[in-house]
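Colleague: Sharing a structure here in structure tokens format.
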Amino acid sequence: MAIQYIHMTVICLLYFWTMALAADQQCKDSYEKDGKCCELCPPGTFVKKQCTASTKTDCGDCPVGSYSESNDLFEDCQPCLKCQHGYTRVCTTTANTNCVCGSGFLCSDHECSKCEKEKICRKGEELKRTGSREYTWKCVPCPNNTYSDTEHGHCKLLTQCGAHGLVVIFPGNKTHNSKCGIHAAGNKEDGGSIQLILAIGSFFFTVTLLAFLTHACIRIIRHKKPEAMNCPATSISITSPDICGCPLSKEESGGQLIQQVETKDHARQSLLSFHQC
């Protein structure tokens, strides 16, 4: 029984919807009045007199300070909007006024016909609008996980260090963003690697420098030793054989001493013989 009742209800609704749609199609771009389709008045006009079976709709122009933006069947025009501060478009018979608030002010309704002084929010706050058609502005604290680090600013999301593979150095608050850093273990490993590389480099540099200095000293010593052992011919003297810087053997040294003694004795004997004479 309940199912049959539902079916009948749906059929009735479909019937009435179909009849309404047919009527709308019959009076397209017009409206129905006493079974007759009457013309709509164009923008900038209003219905001055309804149509009859023998007459059409009588439309009149909108008076100054009023407007009509579309084809309609209203018997009066809409009043133009009045702005508290300024206009971006003046009202005409076919378009309403557009309002604007001056510098340092904010709109306090959806048409911006009213204005209120803009508030300067502190760090950690942002300006929020309250209301729908008519509203006001006030400073509210930043929500969780957001911050505002300037006056008259907007709340922004805190940087999520973990999402970037970093560790949190400073978690952030309402007035400052988070600060992130490289993982501590990574720092120690990097530092140890750098120190190891520097130590190995220093070791090889020291070994290379010592090898170079040793080789240079050996070459210098080998170059000077033959010069010291050689006795040049120009340095040999017959009268002074000991002038030569070259070392003599024991036999040569003894022979020279004997020769010198004999020379001295021979000179002494010659001197005595001279005195005797």
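Readers should treat all values here as calculations from the given coordinates under stated rules, not as data from a laboratory. Bear in mind that the values here come from a model prediction, so they are computed numbers and not experimental data. Glycine gets a Cβ as well: all are built from the backbone with ideal geometry, and neighbour counts include every protein chain shown.
Colleague: If amide hydrogens are placed 1.01 Å from N in the peptide plane, which non-local residues have theirs closer than 5 Å to the one on residue 38?
Modeller: Result for residue 38 returns 31, 32, 33.
Colleague: Right, next: Want the number for residue 198 to residue 166: 0.36 nm per residue separation, take away the alpha-carbon distance, what's left?
Modeller: Residue separation times 0.36 nm, minus the Cα-Cα distance, leaves 8.8 nm.
Colleague: Hey, another quick one. Pulled fully out, how much extra length does the chain show between residue 144 and residue 73, if you take 0.36 nm times their separation in residues and subtract their Cα-Cα distance?
Modeller: Gain on stretching residue 144 to residue 73: 20.3 nm.
Colleague: Determine the dipole magnitude for segment 82-167: charges of +1 sit on the beta-carbon of Lys and Arg, -1 on that of Asp and Glu, nothing else is charged, the reference point is the Cα centre, and the result goes in debye to the nearest 20.
Modeller: 120
Colleague: Which residues among segment 99-129 fall inside the zone where the amide N is under 12 Å from a point 7 Å beyond the Cα of residue 85, along Cα→Cβ?
Modeller: Within reach of a label on residue 85, which here means backbone N under 12 Å from a point 7 Å along Cα→Cβ, segment 99-129 contributes 99-109, 112-119.
Colleague: Given a Förster distance of 45 angstrom, what is the FRET efficiency for residue 110 paired with residue 182, based on the Cβ-Cβ distance and rounded to 0.05?
Modeller: 0.35
Colleague: Okay, moving on. Looking at the square roots a ≥ b ≥ c of the eigenvalues of the Cα gyration tensor of segment 83-174, which shape do they give, rounded for a/c under 1.5, prolate if a/b is larger than b/c, or oblate?
Modeller: prolate
Colleague: Measure up 82/117; 123/179; 28/82; 33/82; 119/156; 128/179 against 25 Å on the Cα-Cα distance and list the ones that go over.
Modeller: 28/82; 33/82; 128/179
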